[in-house]
Amino acid sequence: MPMSPDDFTPILRQTRFLTSAPSLDQCPPEAGVEIAFAGRSNAGKSSALNALVDHSGLARTSKTPGRTQLINFFAVTPEWRLVDLPGYGYAQVPEHLKREWQAQMGAYLEQRQCLVGLFLVMDVRHPLKEFDRMMLEWVEHYAMPVHILLSKSDKLKRNAANQQLFAVRKAVADVTVPVSVQLFSALNKTGVDAARSRLADWFSAAEGGEKE
């Protein structure tokens, strides 16, 4: 049965850091349900995760893009986890290290059996960059639902933000897996309830045995 936001929000607020893994073989055992967060290093991915769990310091954030260098796991319940993936496409780090981060992230996305969905975070002012499109191709290949957060929506006026929302929805209309798009702001909490509802739906459906 779907969980209401009022029931799910107190559960999210109990989310705690679990562990960090530099590679797939050091991730927690395959059990329970995971939902991952991916996005460019400057898209506000960690800030979005913090806003959803109502804990400003849980996922590490920085004004320097690329601070998320490991696969970071957060326990919502003993069976439900949120996963903050390394930011991609922008980090000012040596090229060999960037390739290593992306290889480990790719291995997680491809091989992690308890992963049921992906939150893809894009800056509303600069959506659908090369790496965003790469991620959409990946979720199509592996038949995984994706929910797009157009972050930093507070940076645009309402009409401009809505125009971006409509444009992205139109651009992903042909994606062959379930894809949804919303405006989001970690600063003023725009879209937080809607995003929490998506998390609740995915966790509840997977726990109820609806995962393929």
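Bear in mind that the values in this text are calculations on the coordinates, not laboratory data. Values in this document were obtained by computation on a predicted structure and should not be read as measured data.
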With both bridge residues required to lie in the chain, what share of the DSSP beta bridges run antiparallel, to the nearest 5%?
30
State whether region 158-203 is rounded, prolate or oblate according to the following rule on the C-alpha gyration tensor (a ≥ b ≥ c being the square roots of its eigenvalues): a/c under 1.5 gives rounded; otherwise a/b larger than b/c gives prolate, and the remaining case gives oblate.
oblate
